[in-house]
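What follows draws every value from the coordinates through simple rules; no lab data is involved. Everything numeric in this text was worked out from a predicted model, so none of it was measured. Here Cβ is always computed from backbone atoms with ideal geometry, including for glycine, and neighbour counts include all displayed protein chains.
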Amino acid sequence: MKILFYDTKNYDQESFDSTLSSFPSIEIEYTKSDLDPRTAALAEGFDAVCAFVNSDVGAKTLDILHSKGIRLILMRCAGFNNVDLDTAKKYGMRVMRVPGYSPEAVAEHAIALALASNRRLYKAYNKVRENDFSLSGLMGFNFYEKTAGIIGTGKIGAAMCRICHGFGMKVIAYDVYENKSLKDFVEYVSLDKLLSDSDVISLHCPLMDSTYHMINIETIRQMKDGVILVNTSRGALVRTDDLIEGIRMHKFAGVGLDVYEEETDNVFEDRSDEILKHSTTARLLSFPNVMITSHQGFFTREALQAIAQATLQNALDFKAGKESPNDVRNG
Ligand code: NAI
């Protein structure tokens with residue numbers, strides 16, 4: 001079975017190459033290009049393609065992949081909001097993903113963002129480098145005995161609940177389904193109550209029609225003054241212009257974003273030598289209480305190995321015609 005891997009960086013290649021020896025029936029070719037309607041034709045002669053979080057797996061791309069005989073789309077990530085599932089279904093293409101490769105990797109990054117923005121670690125680091133040992137602008141608050149509000153308590157949200165519990169925080173959560181494994185230390189509340197009672201709010205639900213822009217000016221107004229907001233899930237859960245308005249209203253003690261609406265063109269690219277024309281990211285970064293990282297929540301050694309193992313197993317399951325919990329179903 002031949003798979004074309006799109007948007008591959010050296011670290012992807014290293015983790016997949018080291019796992020490939022356990023999958024002798026699979027052959028991989030890597031391309032640095034990301035998958036979109038311009039690059040889909042490269043899949044000629046392959047059985048499957050493997051794409052990532054910001055690949056464009058929309059209708060146009062799928063039309064071309066279908067015409068090249070591709071029947072399997074392997075997403076080497078958990079999210080699949082960038083795949084047009086209706087079109088994939090129409091063509092009988094199977095879409096598989098890696099739902100839970102290392103929830104702790106993302107949850108640990110979420111708490112790192114919360115702590116770093118609370119204590120302004122990014123500023124402190126630069127200040128000390130400049131021999132500025134003053135503490136002005138660095139004051140934060142204790143997390144101990146404060147309330148953490150976790151939105152979405154699937155695999156990553158549950159890991160975040162456990163971490164916040166470990167910090168001695170009261171943990172409240174909102175989800176459309178309750179996670180029974182958390183019942184000893186998490187109280188499920190309505191979204192309204194979570195917004196009004198939390199000192200730290202962390203988003204861990206997927207991006208769907210029902211969650212698009214769930215953090216907007218109305219929900220921001222419901223939050224406590226001095227709240228910390230963390231988003232490691234998907235950028236469009238937060239309406240960026242409203243977030244900026246909220247920051248200007250002094251609503252937030254800190255904002256930590258690993259994902260943001262504008263990220264698609266930036267993610268995993270070095271654009272440090274470019275003059276960016278319209279950058280709300282730059283506007284966000286002009287505030288002293290905002291810290292942004294570029295979709296690195298998943299980026300640990302353990303997570304990359306688990307992604308490689310699960311993606312190649314997905315390919316084998318497809319080949320064997322086996323059903324899998326990693327199938328992305330439409331509806
Ligand atoms: P999961 O599927 O285990 O959990 C998602 C949870 O959200 C479920 O419990 C679900 O019931 C809940 N949910 C669905 N609709 C909701 C709503 N309207 N309101 C509140 N909760 C709702 O997913 P997992 O593995 O925990 O991942 C969560 C998200 O994290 C993914 O969808 C992905 O977008 C993001 N992610 C980010 C990464 C990064 O590197 N920054 C890496 C991996 C995932």
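Are any residues in the range 283-331 touching a strand residue (DSSP E or B) at 6+ places or on another chain (Cβ under 7 Å) and part of a helix (DSSP H, G or I), and if so, which ones?
Leu284, Leu285, Thr311, Asn314, Ala315, Phe318, listed by residue number.
Could you grab me the full set of residues in the range 241-261 that are more than 14 Å from the chain's Cα centre (by Cα) and assigned to a loop (DSSP other than H, G, I, E, B)?
Correct list: Met249, His250, Lys251.
Which residues, taken from the range 23-54, are surrounded by fewer than 24 Cβ atoms within 10 Å (Cβ to Cβ), within 23 Å of the chain's Cα centre (by Cα) and in contact (Cβ under 8 Å) with a residue 60 or more places away in the chain?
Scanning the range 23-54 gives Val53, Asn54.
So Leu207 passes all but one of these: (1) part of a loop (DSSP other than H, G, I, E, B); (2) more than 19 Å from the chain's Cα centre (by Cα). Which condition number does it fail?
(2)
Kindly indicate which of Thr281, Thr293, Thr264 is away from the ligand (no atom under 13 Å from the Cβ) and within 13 Å of the chain's Cα centre (by Cα).
Thr264
Looking at the range 173-184, can you tell me whether even one residue there is closer than 21 Å to Leu115 by Cβ, more than 16 Å from the ligand (Cβ to nearest atom) and loosely packed, with under 15 Cβ neighbours inside 10 Å?
There is no residue in the range 173-184 that is closer than 21 Å to Leu115 by Cβ, more than 16 Å from the ligand (Cβ to nearest atom) and loosely packed, with under 15 Cβ neighbours inside 10 Å.
Six or more apart or on different chains, Cβ under 7 Å: which pairs go from a residue in the range 207-236 that's more than 25 Å from Ala78 (Cα to Cα) to one that's among the acidic types (Asp, Glu) and within 15 Å of the ligand (Cβ to nearest atom)? Could you list them?
Partner pairs satisfying both residue conditions: Gln222/Asp192.
Hey, can you tell me all the residues within the range 244-290 that are more than 19 Å from Asn216 (Cα to Cα), among the hydrophobic types (A, V, I, L, M, F, W, C) and in contact (Cβ under 8 Å) with a residue 40 or more places away in the chain?
Result: Val267, Phe268.
Could you tell me which numbered condition Met169 fails, if it satisfies all but one of (1) within 16 Å of the ligand (Cβ to nearest atom); (2) crowded, with 21+ Cβ neighbours inside 10 Å?
The number of the failed condition is (1).
State which residue is farthest from the ligand (Cβ to nearest atom) when the search covers only the range 238-254 and only residues that are within 19 Å of Thr211 (Cα to Cα) and surrounded by 24 or more Cβ atoms within 10 Å (Cβ to Cβ).
Per the stated criteria, the residue is Leu243.
I'm checking my understanding of the structure. Among residues of the range 55-96 that are crowded, with 16+ Cβ neighbours inside 10 Å and within 14 Å of the chain's Cα centre (by Cα), which one is farthest from the ligand (Cβ to nearest atom)?
Ser55
Taking the conditions exactly as written (away from the ligand (no atom under 16 Å from the Cβ) and surrounded by 18 or more Cβ atoms within 10 Å (Cβ to Cβ)), does Arg120 satisfy them or not?
yes
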